[in-house]
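Engineer: I'd like to ask you about the structure that follows.
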Amino acid sequence: MSQVSILGNREQGQDVRSANIMAVQSLSNIVKSSLGPQGLDKMLVDDIGDVTITNDGATILKQLEVQHPAAKVLVELSQIQDREVGDGTTSVVILAAELLKRANELVKNKIHPTSIMSGYRLALRESVKFIQQQLSLSTEQIGTEALINAAKTSMSSKLLGAESDFYADIVVNAMQRVKQVNSLGEVKCPIKAVHILKTHGKSSKESTLVDGYAIEAGRSAQGMPTVVEDAKIACIDFNLNKFRLQMGVQVLVQDPENLEKIRQREMDVTRERVNKIIDAGANVILCSKGIDDFALKYFVERSCIAIRRVKKADLRRIANCTGAKIVVSLADFEGDEKFEPSFLGLATKVYEKRVGDWDYTFIEGMKETRAQTIILRGANDYFLDEIERSIHDSLCVIKRVLESNLLVAGGGAVEVALSIYLDDFARTLGSREQLAIAEFSEALLVIPKTLALNAAKDATDLIAKMRVFHNAAQKADDEQKKELKHSGLDLINGKIRNNLKAGVLEPAMSKIKSLKFATEAAITILRIDDMIRLAPKEEEAPRRV
Amino acid sequence: MSNRAPVYILNQSAKREQGKNAQAANIKAARAVSDIVRTTLGPKSMLKMLLDPMGGIVLTNDGNAILREIDVAHPAAKSMIELARAQDEEVGDGTTSVIILAGEILTAVEGFLEREIHPTVIVSAYFKALEEIVRLTETLGEPIDVKNDADLFKIVSSCIGTKFSSKWGSLIVDLAVKAVKTVYKKDGEHVEIDVKRYAKVEKIPGGLLEDCVVLDGVMFNKDVTHPGMRRIIKNPRVVLLDCPLEYKKGESMTNMEFTKEEDFKKALAMEEDEVRKCCEDILRVKPDVVITEKGVSDIAQHYLLKFGNCSVIRRARKTDNNRIARVTGATIVNRPEELQESDVGTKCGLFEVRKIGDDYFSFMVECEDPTACSIILRGASKDVLNEIERNLHDALGVARNVMLNPKLIPGGGAVEMELSCRLLEFAQNIEGAQQWPFKALASALEVIPRTLAQNCGADVVRVLTELRAKHAVAGEGLHFGIDGNSGKIADMRESNVWDPLAVKQQTFKTAIESACMLLRIDDIVSGIKKQRKEAAGTRFANDEEDTFGDQRDG
């Protein structure tokens, strides 16, 4: 048999499928133990020796140097979940791996992958519908506690779990203060409006929420005031150094006296600029570039706060929040230079404060929108990094809740309910998809199982009980029994309880998206039946230098 | 599938430790770190001599300084070392105790992990205990009056008691208290004590240790630029500049093309004129001392000396200049032509250049109520000086914390023992598996009095039992701790051993929180390479690079 030769390795059919699925499986095993309130953290050390301690699935997978191509798909999956939803990065990986494992079994039983894929798609569609119609509740139905509880649920698996009451408050307050309703009536909660600053020292309980924006920079000269009330903020994106002509511009001087004039003029140009800015009424100047020492003096004399080398991202946000305009150049169309008072942003107070060993500048009471700053304190930098990640996740969760307003009960409740529903649904289909949907329904149980396992509880027993409850809920007619659809795991006591009442809540959005992502990823990998790894190209003859 | 090559998911060079192994390894590493510094706790502590790779020697018993020099490989150990740093930056003292405590707290857990108690249960018990500790210490704290020098003195001296420099008695304490009082600045509600910026420690090898002083002004390592200038001036008028007093070319590219000989001469004369004009501007305000951060040309020196009889100091550091501005009341000026009478500093009583050892030092002392100061340390060798500086740094930290939060709690292990007893009582009311780790934490606190007793060679078991008995009833034996010199039980009120509340609280918080973090780890993956920058999922890619627009005039 003649063969087309390929440079490199080629794997085909069942071999490649099994290999892929094994890779995915082992990746999911790595993150498995970090799921749920009883999950533990991972310590990751890179070749330089930098340490990351984390519980966040996306961060773990990003740090691991995953080589297998199929496993890489899963890593991307968790990144997408992180970007789109922010939370649930671990569960999405576990779910995808489980779906694949079961699909592989079906393929071995001679069911064509395409039927499995279409079965999975069907199951996904039904699940999404079921969550939206049956399981989700709007925040109004649950009450104000809902937000706090959702934040707590997302934190429970993290290092801050023990202090979730404290942090949930911070996170919810922060998000509610930055909430906006745009012209279309949509609620928007920009995560970026919440700024997180980390300073080691003190204890994590001393983290605070500041109503305003803080930047990690002190004022540029010690002679400046530390507090400015009724601040008018100028955001500047050009150098306040001595003026210099562009490279390549030469000045030919006929009379030596003029040389001196050029020198004077260089300084005067900057001085005029500074004066124009101050004369426009500015008393806080934020500059993303340098400010020369001699220019600082003018600010000191007029008792303004000037801060140099403010980060671009910070400057942009401050400009947005205070209504300031970032000024790139003072030039106007007439060829003159001027600084309009309308460029200034307004805030009620700007002040500098020492936190730990560093000076921070706080901007409070901004005109346009309210920005929030969370100052995190804690034992050391690794600790702070992990808290920051957890806070970010929780912020995302709150954002979802505020924007979509739909919640579901957590602790495996949704998964089990879906599983029961899909089981019944599968039986109504006469096609091959039936088998795939049944497997899909089984696969969903991996989440509550892992939760129970991580808490060292009897998973089989608990899952069986939960299925009974949910089955009863779905079959029942009376209201009381229907409430059982919120039954989930109580991992501390190893019992089943109503997680809605216990306050274990997750945004419905996050659940739906993670189901979607996991299914899509599983399908992507399932479609592969041939893998060609090209051999690296041979080095060409050494190039001439 | 059995006959195929294994599937590699991770880089093969990556090492993994999982589950129990990882936990055990972390605990071991933490204990190893705490064993290093164990002997440096208390008044009978020993110094460590560390040789760095460059061959330099560090002699110290400061926990942070020791750990900073040690190169550890284990990630958990690294995290411990970070603790010492955090403690040092936040409060400045208690670096040794925090490490010892964290090590002990982790060790206490070992048994539970073997007995299959879930780490998250332990962690939540620990957090609960921390809350209780903070609450208890708050009630135990005794307020003092910071205006009262004697009180302040007492407390700083108990902190310094464990250090190398305690052999010189109250010397370092005096320095620290005085320095902190100097830089204390109250601005409405806002109290500022910026030791880092305004209390500068200058080390000059040679001389006697007794010569250490806090100046009522500042000192810096510079001499006047010209031998003819005055070296002692009473009540000088001081001008501070941060511009060069020499001819400097402009920023823009300028070329000179001369066509006539006169032009060249003119250009040279211009340069001279420029400097002279500068000097005239300065002399207008009749200064006695001119200090600049930049250079001073010979010709400028000449003018200033000849026409104004000024003493000039060049290339002063920015930080020095800031301090001088604070003690003299002068404003730092950049353009001489903008000098005003109000910019001149007159609050300094004496300007003097002294020769100490081989170097010249300028002093600006006898200032009217100075808000900055220099602390001069003298001593036999550099190593000794370095150690004294570290001690002083601790003392400054303590003094600062007491001024900011004037509450004290008894030292010498008294607080730890008291907390331990109270927590044990509290533990009785806790339900479930959390009770055990809670109790274990309470016992772990005893490590501080135990180590104190060990280090002074006391009969550890007997002393500790006795101490525990004293603390048995709440509130009664609160002040009993271990006298670190004799190893006996003593009333800390009598032997005057106190710790600032802020330092102690910080110690507990840092130690417990970091222990919790290490406990939650069940998997260590090491040897992974840094991801390439443009990895697919970077959250804030290219956030910094973009600009707002074109920057043509930058």
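Every read-out reported here was derived from the displayed coordinates using simple, explicitly stated rules and does not represent laboratory data. None of the values given here were measured: they were computed from a predicted structure. Ideal geometry is used to build each Cβ from the backbone, glycine not excepted, and the neighbour counts take in all protein chains shown.
Engineer: Taking Rh as the Kirkwood radius computed over C-alpha pairs, what is the Stokes-Einstein D of the protein assembly as shown at 20 °C in a medium of viscosity 1.002 mPa s, expressed in µm² per second?
Structural biologist: 64 µm²/s
Engineer: Pull up the cross-link candidates among the lysines for A:K475, meaning alpha carbon to alpha carbon under 19 Å and not fewer than 8 places away within one chain.
Structural biologist: A:K129, A:K465, A:K485
Engineer: Related question: Do any of B:K439/B:K470; B:K185/B:K318; A:K457/B:K439; A:K42/B:K504; A:K311/B:K248; A:K192/A:K349 go past 28 Å between their Cα atoms, and which?
Structural biologist: A:K42/B:K504; A:K311/B:K248
Engineer: Express the relative contact order of chain A as a whole percentage, based on alpha carbon pairs under 8 Å and six or more residues apart in sequence.
Structural biologist: Value for chain A: 25 percent.
Engineer: Please compute the modelled spin-label separation between A:E334 and A:H112, points set 7 Å along Cα→Cβ, answer in nm with one decimal.
Structural biologist: 7.8 nm
Engineer: So what is the calculated 222 nm ellipticity per residue for the protein assembly as shown, using -39500 (n - 2.57) for each DSSP H run with n of 4 or more, over all residues, to the nearest 500 deg cm²/dmol?
Structural biologist: -15000 deg cm²/dmol
Engineer: Moving on. Please give the helix B:435-444 orientation as an angle from the longest Cα principal axis of chain B, in degrees from 0 to 90, rounded to the nearest 10.
Structural biologist: Roughly 50 degrees, rounded to the nearest 10.
Engineer: For chain B, what is the relative contact order in percent, using Cα pairs closer than 8 Å and at least 6 residues apart in sequence?
Structural biologist: Contact order relative to length: 24 percent.
Engineer: In nm, to one decimal, how far is the B:T465 label point from the B:N148 one, both placed 7 Å along Cα→Cβ?
Structural biologist: 3.9 nm
Engineer: Mind sorting B:M364, B:M219 by how few other Cβ atoms lie within 10 Å of their own Cβ, fewest first?
Structural biologist: Listed from fewest to most nearby Cβ atoms, that is B:M219, B:M364.
Engineer: Going by Cα centres, region B:94-145 and region A:346-374 are how many Å apart?
Structural biologist: Result: 34 Å between the Cα centres.
Engineer: In degrees between 0 and 90, to the nearest 10, how far off the longest principal axis of chain A does helix A:433-444 point, with axes built from Cα atoms?
Structural biologist: Taking the Cα atoms of chain A, the angle to A:433-444 is about 60 degrees.
Engineer: Starting from the alpha-carbon convex hull of region A:317-416, give the projected area averaged over all orientations, in nm².
Structural biologist: 11.4 nm²
Engineer: Listed here are the pairs B:K186/B:K509; A:K101/A:K511; A:K101/A:K449; which of them are more than 24 Å apart at the Cα?
Structural biologist: Beyond 24 Å: B:K186/B:K509.
Engineer: Among B:W498, A:W358, rank each residue by its count of other Cβ atoms within 10 Å, from fewest to most, as a rough exposure measure.
Structural biologist: In increasing order of surrounding Cβ atoms, one gets A:W358, B:W498.
Engineer: In addition: From a point 7 Å beyond the Cα of A:R354 in the direction of its Cβ, which residues of region B:83-118 have a backbone N at a distance under 12 Å?
Structural biologist: B:90-92, by backbone N distance to the label point.
Engineer: Neighbouring Cβ atoms within 10 Å as the yardstick, rank A:E266, A:E206 fewest first.
Structural biologist: A:E206, A:E266
Engineer: Okay, moving on. How many angstrom separate the Cα center of region B:231-266 from the Cα center of region A:457-519?
Structural biologist: Region B:231-266 and region A:457-519 have Cα centres spaced 81 Å from each other.
Engineer: A follow-up question, please. Efficiency by 1/(1 + (r/R0)^6): what FRET value for B:N405 and A:A313, r their Cβ-Cβ distance, R0 = 25 Å, to the nearest 0.05?
Structural biologist: 0.10
Engineer: Continuing with the same structure: For helix A:164-178, what angle does its Cα long axis make with the longest principal axis of chain A, in degrees from 0 to 90 and rounded to 10?
Structural biologist: 60 degrees
Engineer: So which aspartates and glutamates pass the test for A:K179, namely a Cα distance under 16 Å, with those fewer than 8 places away in the same chain ruled out?
Structural biologist: A:D169, A:D211, A:E368, A:E403
Engineer: Please give the length that would be gained between B:K234 and B:S443 if that part of the chain were fully extended, namely 0.36 nm times their separation in residues minus their C-alpha to C-alpha distance (nm, one decimal).
Structural biologist: Gain on stretching B:K234 to B:S443: 69.0 nm.
Engineer: What nm distance separates the two modelled labels at B:K265 and B:K286, each placed 7 Å from Cα along Cα→Cβ?
Structural biologist: If labels sit at B:K265 and B:K286, their model points lie 3.8 nm apart.
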